[in-house]
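*Asks:* The structure's right below; bear with me while I get my questions together.
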Amino acid sequence: QFFVFCHGLLQLSQLLVSGYLKSSISTIERRYGLSSQTSGLLASFNEVGNTLLIVFISYFGSRVHRPRFIGCGAILVSLAGFLMSLPHFITGPYEYDQSVASTFSNTTDLCQPGVPGSRGNLSDAGCTPHAARENHEVLLVMFVAQALLGIGGVPIQPFGISYIDDFASERNSPLYLGILFSVTVIGPGVAFMLGSAMLRFYVDIDKVTGDGVQLTNKDPRWVGAWWLGFLVAASLVAVSAVPYFFFPQEMPKEQIKRVTRYGDFPVVLLRNLRHPVYLLVVLAQVNLSAMVAGLATFMGKFLERQFSLTASLANMIIGAVNIPGAMVGIVVGGAILKRFQMSLRQCSAMCVLGMFLCLLVAFPLLFLGCPTQKVAGITYSESSEFGHHALECNLQCNCPEKAYNPICGSNSIEYISPCSAGCRVVNTNADNNSVLNYANCSCISKNGLEGFAKPGTCGTGCSHLFLPFVVLSCLAGILASTSHTPSFMLILRSIQPEDKSFAVGIQFMLLRVLAWMPGPVLYGSAIDTTCIFWEKKCDRKAACRYYDNNLFRQRYLGLQFFFEVGAF
């Protein structure tokens, strides 16, 4: 029982490390200028190390000192967690506006007619070879950390489960495994809550003093302390690793069980893959897993963009609403199975029904959203021709190309920077030097008078649709996850008993290779195609500043549908 407790703790903290990355992915994109394709690849990269080793490990499971192997794996996972936060410590502080030189002054972003050309070159100040190399180092460190995370995670689950199953009595084993299984479902929820808590702090909380931070967490340039969560999670893993080095290789069994011997590897493999029920169910699970992988990785980013939420709030919703919803679905599915003692045919009927209802509930989600807000020169132009930021009203301002400091005009149109709106005056709050508004803006005219603007984005004006979206998506999640347990039963009952553990191993392997690895990359690439304005860093595309929100919603949720229909 102590082993079960330790293993639950370890699995929880391991999932914190891997789940936390997904909760802070939009923040890391913004901080290091990554496209969603790159961040999707990063998120799925831990599966690479994992997949290469998982089959061998499962095969050699009974011959090694399992607890010690688990302990070593846990130490690797902990190391990976600390490595993930390393980029924060090897790069300089976050510069959120390249048009602003090292000293901050409120006037640099304003329209300054008399200064021709002197400001365009400022934008390339951060473009030394050193800066480009720094960015490569950051990506290298993170990809190595993700690979390590995958490798370290290999022994943890299979060895833990087989160790418990070997030394627990037939009667208690399902209970223990049920406890562990529920922990693996709770884990990601806790990870998103951790993300929600950490992203409220400013990223350079350790490098700058409180009054040096000019941003609030509602600002689109805000970057939260993404690295803090990795330190917390990695420390937890390190602590939970310790007891494993003191467990024996074998325990006195609660009750004698027969031990299955692994048969001839290829024979068993072919026997399972030729089994039609097994193959079809696994393919359905591949479709569902690909959907979940994309959902988990980019749902936060989707909510941030569609409903103008902070990263912190988006994580809160996912961790407190969507993931618990899926847990409820899994439990309900299992309870129905148990109550009605279902046959295989009834199991598959239940899966089909769950998916069908899920599709019905999820269909309206495609229409719950708003277009991107009007952004001058990007999604909106007063004159017919569509010049990029070159509005006639700010031609005399000599705006730095890369300025990004969005403001919302009194005409409800967003401008990329005070300069691009032709604002000449900034009014600040005397107490804390924060910007109250920008005035005398030549591009913002209201009734023939020059208008003013508030700092920050106008937002999508979609907040009224947020609640129905959350309710429907939670319902859809509950319905889809009711098919989780019956689909497992279909697999376990349709194959020969002695092939059970091996068949589950192959199943997880196929899910990884066909769903968890390509899923996030596919979603990330689809999201990138909907970008309408990229941040430029050293003449390469960095992170996306503005998406076409309707396209983003249609392609992101359209992919979900595609996979869901595939599973159906």
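The values are calculated or read from the model by the stated rules, or taken from the named source; none is laboratory data. Computed from a prediction, not measured in an experiment: that's the story for all the values here. Positions of Cβ are generated from backbone atoms using ideal geometry, with glycine treated the same way; all protein chains shown enter the neighbour counts. Keep in mind that these areas ignore ligands, DNA and RNA; they rest on the heavy atoms of the full protein, side chains included. Shrake-Rupley method; radii C 1.70, N 1.55, O 1.52, S 1.80 Å.
*Asks:* Quote the relative contact order of the chain in percent (integer), defining contacts as alpha-carbon pairs under 8 Å separated by 6+ residues.
*Replies:* Values: 963 pairs, mean separation 147.7, N = 568.
Rounded, it is 26 percent for the chain.
*Asks:* Over the chain, what percent of the accessible surface lies on carbon and sulfur atoms, probe 1.4 Å? Walk me through the intermediate numbers first.
*Replies:* Working: 16760 of 25430 Å².
That fraction is 66 percent.
*Asks:* OK, next. How big is Rg to Rh over region 388-455, alpha-carbon atoms, Rh as the Kirkwood inverse-mean-distance radius?
*Replies:* Details: Rg = 11.5 Å, Rh = 12.0 Å.
When Rh is taken as the Kirkwood radius, the ratio is 0.96.
*Asks:* 222 nm [θ] for the chain, helices only, -39500 (n - 2.57) per DSSP H run of 4+, per residue, to 500?
*Replies:* Rounded to the nearest 500, the figure is -18500 deg cm²/dmol.
*Asks:* Quick query: amide H of L436 versus all other amide H atoms, modeled in the peptide plane; which residues come in under 5 Å with a sequence gap of 5 or more or a different chain?
*Replies:* Long-range HN contacts for L436: N427, T428, N429.
*Asks:* I want the local charge near R555. Using Cβ-Cβ distances under 14 Å, sum +1 for each Lys or Arg and -1 for each Asp or Glu among the other residues.
*Replies:* Details: positive: K301, R305, R553; negative: D528, D548.
Local net charge: +1.
*Asks:* Could you state the orientation-averaged shadow area of the convex hull built on the Cα atoms of region 402-513, in nm² to one decimal? Write out the running numbers ahead of the final one.
*Replies:* Numbers: hull surface 55.1 nm².
About 13.8 nm², averaged over all directions.
*Asks:* Return the Cα extents of the chain along principal axes one, two and three, sorted largest first, each rounded to a whole Å.
*Replies:* Here the spans come out as 88, 48, 40 Å, largest first.
*Asks:* Short version: ³J(HN,Hα) in whole Hz for each residue of region 215-222, in order, from phi by Karplus 6.51 cos²θ - 1.76 cosθ + 1.60 (θ = phi - 60°), x for Gly and Pro, what are they?
*Replies:* 9, 9, 6, 8, 5, x, 8, 4
*Asks:* Here is a follow-up. Holding the Cα-Cα limit at 26 Å, pick out from K454/K541; K374/K536; K22/K374 the pairs that are longer than that. Before the final figure, lay out the partial values.
*Replies:* Working: K454/K541 28 Å; K374/K536 21 Å; K22/K374 29 Å.
Checking Cα-Cα distances, K454/K541; K22/K374 exceed 26 Å.
*Asks:* Could you give the angle, 0 to 90 degrees to the nearest 10, between helix 323-340's Cα long axis and the longest principal axis of the Cα atoms of the chain?
*Replies:* Tilt of helix 323-340: around 30 degrees.
*Asks:* Next up: Which value, in Å², gives the accessible area per residue of the chain when a 1.4 Å probe is used on the protein heavy atoms?
*Replies:* Values: 25430 Å² over 568 residues.
Accessible area per residue, the chain: 45 Å².
*Asks:* Next question, about the same structure. Take the alpha-carbon centre of region 183-203, take the same for region 64-79, and report the distance between them in whole Å.
*Replies:* 24 Å
*Asks:* So, one more: Using amide H atoms built 1.01 Å from N in the peptide plane, name the residues 5+ places from C423, or on other chains, whose amide H lies under 5 Å from its own.
*Replies:* C111, S442
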